[in-house]
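A short worksheet on the structure shown next.
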Amino acid sequence: MSQVTVTEHLLLHQQKSPAATGVFTQLLYDLILSAKLISRSVNKAGLLDVLGETGETNVQGEKVQKLDEYANSVLIHRMERSGALCMMASEENADVIVVSDRFERGDYILIFDPLDGSSNIDVNVNVGTIFSIHKRESGKKGDPGLEDILQPGDRQVAAGYFLYGPSTMMVYTTGFGVHGFTLDPSVGEFLLSHPNMTIPERGKIYSVNEGNYPLWDDKTKSAINHFKSFDNWRSSPYSARYVGSLVADFHRTLLYGGIFAYPRNYKKTGQGEGKLRLLCEAAPLAFVAEQAGGKAIDGTRRIMEIVPEQLHERVPLFIGSRGDVDDVAGFLA
């Protein structure tokens with residue numbers, strides 16, 4: 001394994017990226033420290049009183065897990081003191097989080113899902129933290145507001161995720177490829193383990209919650225059936241793999257290729273809707289996917305081009321190998 005640390009890697013790539021200033025590097029360093037704290041608690045979840053639900057419901061209408069609450073508080077506490085941010089947004093908070101004027105403010109904006117897949121933590125399944133970094137429009141003065149955060153994905157300065165599993169990994173991009181780092185507990189550092197990650201042009205795995213099959217429209221059913229049939233490019237059915245933790249499912253797709261899908265579901269009302277959040281889930285993973293040579297669409301539109309209208313806007317998501325996503329687009333066109 002390479003002995004290059006994530007901090008050294010950032011310094012080496014500063015000259016390539018206009019975003020990678022000293023302030024930006026400090027922002028990522030504080031984000032990494034937050035992830036180390038979360039990783040420590042996840043690894044001790046069965047020994048600490050952090051399993052189960054808090055009894056509260058978040059803005060998404062989902063039951064809040066104790067580790068959700070912990071991860072969210074760690075990120076907010078550490079990141080508002082970084083001196084690089086002017087505001088944040090979390091999946092767990094109904095409104096934007098403006099950095100208090102008690103702390104130094106910067107021009108960066110952090111959007112995050114503090115603990116994706118946390119409903120699986122009780123059964124020891126991989127979970128993760130997803131992050132997206134934007135920059136406030138140049139020259140803007142005064143307190144930042146919601147309009148500053150509603151930016152399309154193609155304006156992201158950086159994005160990525162931390163995966164807490166058998167090992168803790170950080171995967172991120174600043175627009176110059178995708179790089180993966182593995183936390184070495186013996187030295188407490190993320191070391192470069194997966195340089196220049198790329199998604200295979202085609203895969204042989206499809207990942208979707210097929211329990212929702214009755215809630216899909218006919219085009220979506222045809223698209224998923226395509227991967228289960230002998231009529232695809234392999235002339236053989238794809239293998240089905242679905243963890244139910246977005247970071248885990250996406251990480252496997254990034255390494256092995258194939259496609260992850262969370263289609264639009266049509267409830268009894270006939271009203272179709274997506275499940276995943278655009279700003280804190282779909283857009284950051286789309287940035288990673290594209291930088292690794294893959295694709296991400298909502299069915300017809302490129303995820304990175306969607307301009308959000310709401311903080312917690314939801315979208316369908318089809319993400320993974322370029323050829324497999326193109327197949328879906330053909331069915332849904």
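Quick notes
- Cα gyration tensor, the chain - rounded (a/c under 1.5), prolate or oblate: rounded
- Here the residues Tyr213, Tyr238, ranked from fewest to most Cβ neighbours within 10 Å of their Cβ, fall in the order Tyr213, Tyr238.
- Seen against the Cα atoms of the chain and their longest principal axis, helix 322-332 is set at about 60 degrees.
- Cα gyration tensor, region 205-332 - rounded (a/c under 1.5), prolate or oblate: oblate
- Comparing Ser245, Leu311, Ile32 along the charge dipole axis of the chain, the residue lying farthest to the positive side is Ser245, per the Cβ-charge model.
- Segments 282-290, 117-125 sorted - mean Cβ within 10 Å per residue, highest first: 282-290, 117-125
- Among 313-324, 91-102, the order from most to least packed when residues are scored by Cβ within 10 Å on average: 313-324, 91-102
- Each Lys and Arg adds +1 at its Cβ and each Asp and Glu adds -1 at its Cβ; summed about the Cα centre, the chain shows a dipole of about 640 debye.
- Among Lys221, Lys44, Lys295, a tally of other beta-carbon atoms within 10 Å of each Cβ gives an order, fewest to most, of Lys44, Lys221, Lys295.
- Among Leu85, Leu12, Leu67, the largest mean-square fluctuation in a Gaussian network model of the chain (Cα springs under 10 Å) belongs to Leu12.
Here, each number is a calculation from the coordinates, and none is a lab measurement. Note that the structure is predicted; figures quoted are calculated from it, not measured. Note: ideal-geometry Cβ built from the backbone for every residue, glycine included; neighbour counts use all protein chains shown.
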